[in-house]
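Each remark here refers to the structure printed beneath this line.
The values are calculated or read from the model by the stated rules, or taken from the named source; none is laboratory data. Bear in mind the structure is a predicted one, so any value in this text is a computation, not a measurement. We place every Cβ from the backbone using ideal geometry, glycine too, and count neighbours over all the protein chains shown. Note: areas computed on protein heavy atoms with side chains; ligands, DNA, RNA excluded. Shrake-Rupley method; radii C 1.70, N 1.55, O 1.52, S 1.80 Å.
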Amino acid sequence: MKGEPVELKLGEQPAQGTAGRMDAYERLLGDAMVGDATLFARQDVVEAAWAIVDPVIHGPSPMYDYAPGSWGPAEADALVAEVGGWNTPQ
């Protein structure tokens, strides 16, 4: 990945009714420029989250199609059979 310098232009005209307030991106960019990491996740936290999510996304579990509005695929019944099955409202 290679970055290129860009020019950032800021205006001083707040939207009506928002004088003195920054929107979320203005605050995020401003905090990044002054080195305030309060609103940013640390690298170890991001890596820990991906350690949980990545196996779910790329795991060996197959995906099953099922009809919209249904209670899921028939294959899901096997997952909960040991604990008495689904409690499906009628």
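Details
- Tally of residues being in a loop (DSSP other than H, G, I, E, B), surrounded by 11 or more Cβ atoms within 10 Å (Cβ to Cβ) and modelled with pLDDT of 85 or more across region 46-84: 4
- Hey, ASP36 open to solvent by less than 60 Å² (accessible area, probe 1.4 Å) and farther than 30 Å from PRO89 by Cα or not: yes
- Yes/no for GLY30 being open to solvent by less than 60 Å² (accessible area, probe 1.4 Å) and of a type outside the set (A, V, I, L, M): yes
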